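The values are calculated or read from the model by the stated rules, or taken from the named source; none is laboratory data. Predicted model only: the values in this text are computed from it and were never measured. We place every Cβ from the backbone using ideal geometry, glycine too, and count neighbours over all the protein chains shown. Accessible surface is based on the protein model in full, side chains and every heavy atom, while ligands, DNA and RNA are left aside. Shrake-Rupley method; radii C 1.70, N 1.55, O 1.52, S 1.80 Å.
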Amino acid sequence: MKWYPVELHTHTEHSDGDFTVSGLVEAAHARGFAAVALTDHNTASGLREFYPALEREGLTGVAGIEWTTYFGHMLVLGEQGYTDWRGVQPSEIDRAIASIHQNGGIVGIAHPFALSNPVNTGYHWEFQVADWTAVDYLEVWSRDDAPRKIQSLRAFALWEQLLDRGCRITATSGRDWHREDTFAYAHTYVGVDGALTQDTILNAIRAGHVCLAAGPLLTMRGTDAQGVNWEIGDEVEAGPLEIELTIDPDTLPNDWDRSQVQLQELRLVQNGRILAVCPAQTHQHLHLSAAPGWLRADLIGTYYGRTGQHLAFTNPLFIRQRG
Ligand SMILES: [Zn+2]
Ligand SMILES: [Zn+2]
């Protein structure tokens, strides 16, 4: 499995961004992304310019839209067809998500805890989701300075609660990119076998083959007692598991400031509790007995002056009861 940096949340002059569509794709290429999604507010009118621009820059694209409503913002990727966002009431969101899924799309909740009323009406998530298992992803990290923000801590807590309830919802990071600036952003990496296409990116998000990093990339892989390898997002039987953690410091090196990011330690987190801690070396192997639930890896360190921050984390491996 190969890991690709992708930006899944962007805006252009087709909604409230400063970018032309070409300018967005050029900026994504210049910053080292392998793929970019176009997610303007309530419109897909930029798509006509998107595909020629992707072709020119040699990037993979994902067609999307950001549902922008009074009750929250929802990212829709890869929908073939159209589910009308207008007039959807808070109690009707499950039906809308089912319709998007029928059309081959996936949904993610954007910046669930951004400032809302009275500053930005609709930014905060207020839709009443009855079935959280239907939500494909949650933007746990959003916009600049994500690891240090209170909104991120709240989104992280929501994500862990959902995992504890058995919802296999994928964490992502979203730049919510409107214009070029020099702020510090986190990144989403998708794990793909074979070619990077819209379909393989959507499948990686569905399957939880996603890592988040605000500096170096951290990836995790498991090997069971039979020698079978398991990727994050996969489901493995409870029992002895060898965990391999790898830090790659060379991903998107121009998009974060190395002097402001210092590595401290690696952690394995099982069902919300720290199971093991080890130094942040490039390669680490740990042996453990995996209990039913979920198992994630964290890279902890100093981020722009604040210690003990999440610099990177993986989506979980899921552990099922034996037998
Ligand atoms: Zn938004
Ligand atoms: Zn947005």
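Residue-by-condition table, conditions (1) within 16 Å of ligand 1 (Cβ to nearest atom); (2) not in a strand (DSSP E or B):
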| residue | (1), (2) |
| --- | --- |
| Glu66 | yes, no |
| Met74 | yes, no |
| Gly87 | no, yes |
| Gly108 | yes, no |
| Phe113 | yes, yes |
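Checked against (1) of a type in the set (S, T, N, Q); (2) farther than 15 Å from Gln260 by Cα; (3) open to solvent by less than 50 Å² (accessible area, probe 1.4 Å), Gln309 meets all criteria but (2). Evaluated against (1) within 13 Å of ligand 2 (Cβ to nearest atom); (2) crowded, with 24+ Cβ neighbours inside 10 Å, Thr68 falls short on exactly one condition, (2). Looking at Glu79, is it open to solvent by 10 Å² or more (accessible area, probe 1.4 Å), without any contact (Cβ under 8 Å) to a residue 40 or more places away in the chain, within 20 Å of Ala204 (Cβ to Cβ) and more than 16 Å from ligand 2 (Cβ to nearest atom)? When the stated conditions are applied, Glu79 passes them.
Looking only at segment 208-240, which residues are in a loop (DSSP other than H, G, I, E, B) and either in contact (Cβ under 8 Å) with a residue 12 or more places away in the chain or open to solvent by less than 10 Å² (accessible area, probe 1.4 Å) (or both)? Scanning segment 208-240 gives Gly208, His209, Ala214, Gly215, Pro216, Ala225, Ile232, Gly233, Asp234, Ala238. Would you confirm whether or not segment 22-32 contains a residue that is under 25 Å from Ala204 (Cα atoms), away from ligand 2 (no atom under 13 Å from the Cβ), open to solvent by less than 10 Å² (accessible area, probe 1.4 Å) and in a loop (DSSP other than H, G, I, E, B)? No: segment 22-32 contains no residue that is under 25 Å from Ala204 (Cα atoms), away from ligand 2 (no atom under 13 Å from the Cβ), open to solvent by less than 10 Å² (accessible area, probe 1.4 Å) and in a loop (DSSP other than H, G, I, E, B).
From the list Ala290, Ala297, Ala280, pick out the single residue that is outside the structural domain of Arg206 (by TED's automatic domain parsing) and more than 19 Å from Ala186 (Cβ to Cβ). Selected residue: Ala290, the only one of Ala290, Ala297, Ala280 that is outside the structural domain of Arg206 (by TED's automatic domain parsing) and more than 19 Å from Ala186 (Cβ to Cβ).
Filter segment 41-64 for residues that are away from ligand 2 (no atom under 16 Å from the Cβ) and part of a strand (DSSP E or B); which is surrounded by the fewest Cβ atoms within 10 Å (Cβ to Cβ)? If we take residues in segment 41-64 being away from ligand 2 (no atom under 16 Å from the Cβ) and part of a strand (DSSP E or B), then Thr60 is surrounded by the fewest Cβ atoms within 10 Å (Cβ to Cβ). Considering segment 114-136, and only residues there that are within 14 Å of ligand 2 (Cβ to nearest atom) and not small (Gly, Ala, Ser), the residue that is modelled with the lowest pLDDT turns out to be Asn120.
Being among the β-branched types (Val, Ile, Thr), closer than 20 Å to Ile109 by Cα, within 16 Å of ligand 2 (Cβ to nearest atom) and open to solvent by less than 40 Å² (accessible area, probe 1.4 Å) is true for just one of Thr188, Thr170. Which residue is that?
Just a single option satisfies the conditions, and that option is Thr188.
For segment 293-301, the criterion of a residue being open to solvent by 40 Å² or more (accessible area, probe 1.4 Å) and over 20 Å from Pro147 (Cα atoms) is satisfied by no position.
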